[in-house]
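Report on the structure given below.
The values are calculated or read from the model by the stated rules, or taken from the named source; none is laboratory data. For clarity, every value in this text was computed on a predicted model and none was experimentally measured. Cβ atoms come from the backbone with ideal geometry, glycine included; neighbour counts cover every protein chain shown. Note: areas computed on protein heavy atoms with side chains; ligands, DNA, RNA excluded. Shrake-Rupley method; radii C 1.70, N 1.55, O 1.52, S 1.80 Å.
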Amino acid sequence: MELYGLNRAELSSICDQLGQPAFRGKQIAEWLYRSGVRSFDCMTNLPAALRDKLNQTSTITRSEIVKRSESADKTAKYLLKMADGQTIESVLLPYPDRISVCVSTQIGCPVGCVFCATAMCGFVRNLSAGEIVDQVSALQQQAGRRVTHVVMMGMGEPLLNFDNVVKALHLLNDELGIGMRKMTVSTVGIAPAIDRLRDLDLQITLAVSLHTPDDDLRRRLIPIADKYPLVTLMQSCREYTQHTKRKITFEYLMLADVNDSQPQAMELAALLQHTLCNVNLIPFNEVEGLPYRRPNRAAIEAFRKVLEDNGIEVTQRMERGRPISAACGQLRRRQLSS
Ligand code: SAH
Ligand code: SF4
């Protein structure tokens, strides 16, 4: 049985089945997630007989770092190889006062947004909760410092891998000590899954990739938007904020001459008027082989001003890691095509 990715209760019940007291589950959890050991033989406070049994019945599967690239601002992007040979990307973002890790939740992505490098590789499979936690733990070890923030903005659509993502959030919180409020889940806008998340009442930050206030354009950019039109999505978002009392961050990817005009900014402001939120403007990171461009600084500033003049709070994603192609999916794509 695979142990990496199990929580304390599950580990305790395995110990119970092996005729061991439940507190051994807590000890194993500490070794797996806090110390990050990769073998049962390293779990020195377990009785030798239990270690033997675990060696016979169980495994600890972790990823392997196959590539690392760092940009001048110290953002480091990692390509990790899973046990089945598939690769995923994770990014380490060190700041003076905190350290953030951007993780993937799926191998590839089934949504197929037209601007996204991940979408170009198709969809392979969901990541398990263990494979999501592993990315944070592996990069924490690389950094030599405690990771304080996690963002689920790497490859994949987290809410199409709902159960594993929620389990990973709990493991990161319980076992790696990362506060729920310091974790962000970014979704392309799967309305019924936002409702499910609302009912769990986690204190995480929800980020919703809106990208346009116009249904037709949204359907062209994000094929799955056909299923969840803006009225449905915005209804789910408003209910989410009312229930959790947490602001939603609306991500707005800025594509030159596609969604960056001032009338579109007005329309966006009107759409968000009664929602507890802020808007994160993300200048497009150019992807080889795609026809989109990033708007110039003046267009971004003008767009931002319209929103702010209409009372919408705006943040702009820090431009980190551009030279190492920090937009999700680009490193894996390069590796697959080389
Ligand atoms: N599937 C989720 C989370 C992963 S994508 C989602 O779509 O929200 C995380 C963010 O990166 C999304 O807002 C997405 O629109 C954005 N993104 C995708 N491709 C990008 C690119 N080339 N440049 C900048 N941001 C990009
Ligand atoms: Fe998937 Fe997000 Fe990329 Fe769209 S932007 S294809 S949802 S990873």
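Quick notes
- For the range 171-191, a residue qualifies if it is within 16 Å of ligand 1 (Cβ to nearest atom) and touching a helix residue (DSSP H, G or I) at 6+ places or on another chain (Cβ under 8 Å), and the qualifying residues are MET183, VAL185, SER186, THR187, VAL188, GLY189, ILE190, ALA191.
- Of all positions in the range 142-153, at least one carries a residue that is free of Cβ contacts under 8 Å to residues at least 60 places away in the same chain, open to solvent by less than 50 Å² (accessible area, probe 1.4 Å) and within 13 Å of ligand 2 (Cβ to nearest atom).
- Condition met for GLN20 (open to solvent by less than 60 Å² (accessible area, probe 1.4 Å), more than 29 Å from THR118 (Cα to Cα) and assigned to a loop (DSSP other than H, G, I, E, B)): yes
- Qualifying residue in the range 94-111 (condition: within 16 Å of ligand 2 (Cβ to nearest atom), more than 14 Å from MET153 (Cβ to Cβ), touching a Phe, Trp or Tyr at 6+ places or on another chain (Cβ under 6 Å) and assigned by TED's automatic domain parsing to the domain that holds SER186): yes
- Meets criteria (modelled with pLDDT of 95 or more, in the same structural domain as ASN161 (by TED's automatic domain parsing) and surrounded by fewer than 20 Cβ atoms within 10 Å (Cβ to Cβ)) for ALA299: yes
- Residue within the range 264-277 that is open to solvent by 20 Å² or more (accessible area, probe 1.4 Å), touching a His at 6+ places or on another chain (Cβ under 9 Å) and not β-branched (Val, Ile, Thr) present: no
- Among the conditions (1) open to solvent by less than 10 Å² (accessible area, probe 1.4 Å); (2) modelled with pLDDT of 95 or more, THR75 misses just one, which is (2).
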